[in-house]
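Encoded as structure tokens, the structure appears first; notes follow it.
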Amino acid sequence: MAAPTLTERRPEIFLAVLLSLCLVALSLQVRRPNGRTVGEGWLLTAVSPFVDLVTAVRSGVHDVGTWATSRRALRVENRALSAEVEELRGELLRLRDAEKDKGRLLELFGALPSPPPGTFPARLIAVESSGPFHTALLDRGAGDGLQLDGVVLARAGLLGRVIALGPRTARVQLLSDNTAAVGVLLTHASRGGRVAVAKGDGQGGVSVEYVPTIEPVEPNDVLVSSGTDGLYPGGLPVGRVASVRRNKTLFWEIQVSAAADPHRESIVFVLPPVRKSDVTSGLSVMERR
Amino acid sequence: MKPLRVAIGLSLAVLATLALGALHVPAPPDFFLLVVADMAKGGAAVPAMLVGLPAGLLEDTLLAPGHLLGLHAFSKILVGYLLATLGARMVVEKPLAVGGLLAGAVLVDAATLTFLVWVLKGDFLPPAPWLLLARAATTGLFGGLLYAASRVPWKQRREARRRVRLT
């Protein structure tokens with residue numbers, strides 16, 4: 001028996017269509033307790049995958065938008081924070097410098113608790129030691145009260161003297177300069193002191209001349225300024241004997257390790273120049289007060 | 001002639017339903033079902049369903065059970081299809097059988113309505129059995145009588161009476 005064709009099934013199809021139409025019409029009228037009609041419920045169920053899809057897409061777009069917005073805001077914030085960090089870093093460096101300066105000043109005041117009147121602190125802003133002439137530059141000058149031949153003193157000891165003055169700067173001749181010399185007192189705990197002259201060797205070092213070999217000199221003997229040269233007051237640390245050699249002359253060849261290293265100092269004291277009366281009396285720094 | 005017959009049948013069904021409703025008859029016959037059955041008796045399913053649609057809609061409009069337009073239309077279309085299918089497969093000649101078939105159609109109609117209301121509204125509201133049976137009985141009885149009446153050869157009888165009178 002052959003299966004019925006579509007034409008033969010026409011009443012059944014018609015029945016299905018009519019009943020479906022009725023069912024749809026009915027379902028559109030029936031209202032559920034939640035306020036929706038059955039048809040709406042069915043339609044909502046049928047379209048819920050699409051609703052979910054649209055919701056997901058919308059949510060995705062919203063997320064992307066939020067991400068872009070927050071990324072932009074974060075970038076702006078990041079830039080602001082980076083600028084702030086840089087600023088704070090700079091401030092931190094300045095504060096550290098200030099802290100270091102404070103420490104150095106305290107050390108300076110510790111080394112020279114009662115500096116003589118006319119003493120000024122100054123920053124050592126440049127050191128020139130590549131040629132035979134070793135000099136340094138200070139950030140204070142004649143306008144700040146500095147005077148020519150002012151004695152420059154670091155926390156560890158004598159550095160040199162002012163040889164040129166500008167309104168706001170001063171040029172310092174360092175002890176290691178080829179043409180610099182300072183009268184020193186070679187002191188030893190057991191043997192007392194012996195006057196000599198320390199000279200710059202032009203190569204960053206200081207040597208002591210004219211100490212006869214009959215005088216006992218040993219490494220680590222301390223050198224302080226004698227105050228008899230008319231340039232530097234007495235009693236300032238100059239350095240320690242680094243090495244002692246006997247040469248063909250009658251004098252020792254003594255190398256000195258300078259007490260103050262200009263490359264490690266950033267703040268110095270500039271003492272007023274030595275007066276002639278101080279030289280004749282041989283007063284030390286403290287005594288000049 | 002069929003559309004006119006359907007229109008007249010539906011109009012009469014509306015009038016009869018309203019009239020019996022006004023008289024508070026507890027179990028009036030389903031006149032709309034009779035119209036559908038009349039269309040389905042030849043075994044034509046599509047016309048029967050097409051009549052079932054307006055008949056059911058009219059019944060919905062008149063009775064409006066739960067204000068659901070289309071409820072009776074659904075059941076009448078289904079009943080129309082079933083009656084037409086039966087009419088195409090078997091020959092029902094006797095008025096009693098026609099009445100029984102119509103009574104059964106009323107039961108199917110009621111069952112369909114109950115099922116639909118249950119599905120759509122969630123309320124299982126079966127009709128009172130005695131009312132349903134009474135309605136099935138009145139519909140079967142009225143339909144059987146109509147069928148029997150429709151089978152009487154009124155024209156021939158009138159002609160024969162005329163001839164007798166003339167002779």
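The values are calculated or read from the model by the stated rules, or taken from the named source; none is laboratory data. Here the structure is a predicted model, which is why all the values come from computation and not from measurement. With ideal geometry, Cβ positions are generated from the backbone for all residues, glycine too; neighbour counts draw on all protein chains shown.
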### Summary
Flagged in the stretch A:237-263 as closer than 21 Å to A:Arg104 by Cβ and not in a strand (DSSP E or B), in numbering order, are A:Ala259, A:Ala260, A:Asp261, A:Pro262, A:His263
### Message
Only one of A:Val241, A:Val206, A:Val224, A:Val195 is of a type in the set (Val, Ile, Thr), more than 24 Å from A:His263 (Cα to Cα) and in the same structural domain as A:Ala142 (by TED's automatic domain parsing). Can you tell me which?
### Response
A:Val195
### Query
Among the candidates B:Leu33, B:Leu78, B:Leu18, B:Leu62, which residue alone is in a helix (DSSP H, G or I), touching a residue at least 24 places away in the same chain (Cβ under 8 Å), away from chain A (no Cβ under 11 Å) and buried (at least 21 other Cβ atoms within 10 Å of the Cβ)?
B:Leu33
### Query
Is it fair to say A:Val217 is over 30 Å from A:Gly145 (Cβ atoms) and aliphatic (A, V, I, L, M)?
yes
### Query
Among the residues of the stretch A:192-228, which ones are of a type in the set (S, T, N, Q) and touching a His at 6+ places or on another chain (Cβ under 7 Å)?
none
### Query
Within the stretch B:149-164, can one find any residue that is in contact (Cβ under 8 Å) with a residue 12 or more places away in the chain and either closer than 21 Å to B:Gly52 by Cα or charged (D, E, K, R) (or both)?
yes
### Index of the failed condition, A:Thr213 passing every other in (1) among the hydroxyl-bearing types (Ser, Thr, Tyr); (2) surrounded by fewer than 18 Cβ atoms within 10 Å (Cβ to Cβ); (3) over 22 Å from A:Asn247 (Cα atoms)
(3)
### Query
Quick one: in the stretch B:109-149, which of the residues that are surrounded by fewer than 12 Cβ atoms within 10 Å (Cβ to Cβ) and not acidic (Asp, Glu) is farthest from B:Asp30 (Cα to Cα)?
B:Gly122
### Query
Looking at the stretch A:50-67, is at least one residue surrounded by 13 or more Cβ atoms within 10 Å (Cβ to Cβ), at pLDDT below 80 and either of a type in the set (Phe, Trp, Tyr) or in contact with a Phe, Trp or Tyr (Cβ under 9 Å, 6 or more places away or on another chain) (or both)?
no
### Query
Is it the case that A:Thr37 is touching a strand residue (DSSP E or B) at 6+ places or on another chain (Cβ under 8 Å) and modelled with pLDDT under 70?
yes
### Query
What are the residues in the stretch B:42-59 that are assigned to a helix (DSSP H, G or I) and within 11 Å of chain A (Cβ to nearest Cβ), if any?
B:Ala45, B:Val46, B:Pro47, B:Ala48, B:Met49, B:Leu50, B:Gly52, B:Leu53, B:Gly56, B:Leu57
### Query
Can you tell which of A:Gly150, A:Gly183, A:Gly202 is buried (at least 16 other Cβ atoms within 10 Å of the Cβ) and out of contact with any strand residue (DSSP E or B) (no Cβ under 9 Å at 6 or more places or on another chain)?
A:Gly202
### Residue in the stretch B:92-109 that is nearest to B:Gly143 (Cα to Cα), counting only those that are touching an Asp or Glu at 6+ places or on another chain (Cβ under 9 Å) and away from chain A (no Cβ under 14 Å)
B:Leu102
### Message
Among the numbered criteria (1) outside any helix (DSSP H, G or I); (2) in contact with a helix residue (DSSP H, G or I) (Cβ under 9 Å, 6 or more places away or on another chain); (3) more than 14 Å from chain A (Cβ to nearest Cβ), which one does B:Leu125 miss?
### Response
(3)
### Message
Among (1) aliphatic (A, V, I, L, M); (2) surrounded by 12 or more Cβ atoms within 10 Å (Cβ to Cβ); (3) part of a loop (DSSP other than H, G, I, E, B), there is one condition B:Leu101 misses while meeting the rest; what is its number?
### Response
(3)
